[in-house]
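Written below as structure tokens is the structure these notes are about.
The values are calculated or read from the model by the stated rules, or taken from the named source; none is laboratory data. The model shown is predicted, which means the values in this text are computed figures rather than measured ones. Reconstructed Cβ throughout: ideal geometry from the backbone, glycine too, with neighbour counts over all protein chains shown. Just the protein is used for accessible areas: all its heavy atoms, side chains included, with ligands, DNA and RNA removed. Shrake-Rupley method; radii C 1.70, N 1.55, O 1.52, S 1.80 Å.
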Amino acid sequence: MAVVKVALSLPDDLAAAVREASGGDLEAYIVKALRSALLMDAMREVADAGPPAPPPDDVLHAAETDLR
């Protein structure tokens, strides 16, 4: 996996809290937080889309037939 260097500017209090919470591995902590944020955003999009449409009748019939 390729790595890209990115510079961030954080408020002093947030930077101090993140450094402390990271246990000494600030980069891994930030990567984990960003991946988590992306996952939460994706899950929110799915939730906002509402329930999926029901499958067509022929699919339901095929599934019921397979279960017999």
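Quick test of your reading of the structure: V18 fulfils all but one of (1) of a type in the set (A, V, I, L, M); (2) in contact with a helix residue (DSSP H, G or I) (Cβ under 9 Å, 6 or more places away or on another chain); (3) open to solvent by 100 Å² or more (accessible area, probe 1.4 Å). Name the failing condition by number.
(3)
Pull up segment 32-68, narrow it to residues that are among the small types (G, A, S) and part of a helix (DSSP H, G or I), then point me to the one that is farthest from R19 (Cα to Cα). Don't jump to the end; show me each part of the working.
Filtering segment 32-68 down to residues among the small types (G, A, S) leaves 33, 36-37, 42, 47, 49-50, 53, 62-63.
Of the ones still in play, those that are also part of a helix (DSSP H, G or I) are 33, 36-37, 42, 47, 49, 62-63.
Numbers: A33: 13, S36: 18, A37: 18, A42: 27, A47: 33, A49: 37, A62: 56, A63: 53 Å.
Once the filter is applied, the top-ranked residue is A62.
If a residue has to be open to solvent by 100 Å² or more (accessible area, probe 1.4 Å), among the hydrophobic types (A, V, I, L, M, F, W, C) and over 30 Å from A15 (Cβ atoms) to count, how many in segment 25-68 make the cut?
The total comes to 2.
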